[in-house]
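Nothing in this text is a laboratory measurement; each read-out follows from the coordinates by a stated rule. Remember, predicted model here, so these are calculated numbers, not experimental data. Methodologically, a virtual Cβ is constructed for each residue, glycine included, from the backbone with ideal geometry; neighbour enumeration extends over all protein chains shown.
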Amino acid sequence: MTNIPRKVRCIVTGKDVPASEAIPVDLVRESLLPTLKAMAINWNADGYVSLESLNVARLKHIEDLLKEDQGETRTLNEAVLASMHKSELLTANSDLEFDQSLRFGERLADKIASFGGSWGFIICFGGVILGWMMLNIVLLTRPFDPFPFILLNLVLSCLAAIQAPVIMMSQNRQEARDRLRGINDYKVNLKAELEIRHLHEKLDKLMQDQWQHLLEIQQMQVEMMQEWRSPQS
């Protein structure tokens with residue numbers, strides 16, 4: 001009596017194939033089942049799938065994994081560009097914003113303080129004092145401020161009393177400008193830190209997914225090689 005090989009029906013093609021050329025569906029790796037289910041004509045979790053159809057499903061699954069990796073890489077590149085644009089929008093010229101908010105008196109105080117701390121002021125003020133002294137000692141027969149120049153001392157005292165608050169006002173605005181710079185720098189640094197941390201998380205996930213995909217592809221290749229060697233042995 002001749003042994004007739006038992007045949008099973010492939011769920012993908014719907015054709016009968018020898019049992020030696022098919023495997024049960026419950027032995028197929030779980031990650032491959034969605035692809036196999038999409039290809040099946042009549043899905044049956046307890047059925048069989050031919051090795052040829054299984055290899056086609058494996059190749060399609062590998063192609064989907066590679067496309068998914070490319071999509072994640074493209075998404076990561078877009079995220080980097082978006083982060084760069086957001087960082088550019090976050091960075092602001094704090095000095096320009098501060099200068100635009102100054103009033104006339106504050107601008108005048110800054111200019112006076114700037115001139116009072118320059119060599120130009122020292123030279124001009126020295127010339128005025130020297131001229132005052134020469135005028136009252138040499139040029140005038142009846143000087144309006146004779147030695148020891150009491151009026152000059154009064155003028156100098158008044159000038160110092162006025163100049164000190166003006167310089168303090170300018171220093172206070174400089175402190176406010178520095179605080180605004182500090183707040184802006186803090187925002188930029190915080191934004192950069194969050195973006196870098198976010199990108200690191202994306203890179204870690206991308207590398208982990210790619211390693212899992214590569215491992216799964218390698219395992220599928222080993223299975224295909226073992227199935228290819230089994231009929232020959």
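What net charge do the residues around ASP16 carry, taking every other residue with its C-beta under 12 Å from that of ASP16, with Lys and Arg at +1 and Asp and Glu at -1? Within the 12 Å Cβ shell, the charges total +3.
Using 0.36 nm per residue and subtracting the Cα-Cα separation, the extra length available between PHE115 and THR13 on full extension is 27.5 nm. Each residue, LEU59 and TRP211, gets one label point 7 Å from its Cα in the Cβ direction; the gap between the two is 3.1 nm. Enclosing the Cα atoms of segment 1-54 in their convex hull gives a volume equal to 74 cubic angstrom per residue. Quick one: of LYS7/LYS60; LYS7/LYS37; LYS111/LYS191; LYS7/LYS67; LYS60/LYS202; LYS60/LYS191, which pairs are farther than 30 Å apart, Cα to Cα? Beyond 30 Å between Cα atoms: LYS111/LYS191; LYS7/LYS67; LYS60/LYS191. Each label was represented as a point 7 Å from its Cα along the Cα-to-Cβ direction; for GLU106 and TRP43 these points are 6.8 nm apart. Annotation for segment 5-22 versus segment 126-143: alpha-carbon center distance of 122 Å.
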